[in-house]
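No value in this document is a laboratory result; all are computed from the given coordinates. Note that the structure is a prediction, hence the values are computed from the model and not measured. Glycine gets a Cβ as well: all are built from the backbone with ideal geometry, and neighbour counts include every protein chain shown.
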Amino acid sequence: MVAALRTGPVSTITAAKDLDIVHPPSTVRRLRRDGWGIVTEWTYIPTEPGRKPHRVGLYVLVAEAA
């Protein structure tokens, strides 16, 4: 997750599908506890073709852990 965040924002959808993270919010919570500066922004993204977009968390790295 950290490597992906270093390249840019990561959505919960991307984290689950591409990074194979079962529960991205738990991973982000653990990283924050370990000192990583990660903010959550909200966006609307279609999850499947033909379906209406819904609100998805977008994680942004703002500071690396010391």
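A few notes on this one:
- Rg/Rg_globular for the chain, with Rg_globular taken as 2.2 N^0.38 Å and Rg from C-alpha atoms: 1.12
- Only helices enter the 222 nm calculation for the chain: every DSSP H run of n ≥ 4 contributes -39,500 (n - 2.57), and dividing by all residues gives -8500 deg cm²/dmol, rounded to 500.
- Degrees, to the nearest 10: 24-33 long Cα axis against longest axis of the chain: 20 degrees
- Lys, Arg +1 and Asp, Glu -1 on Cβ, resulting dipole of the chain about Cα centre, debye, nearest 20: 200 debye
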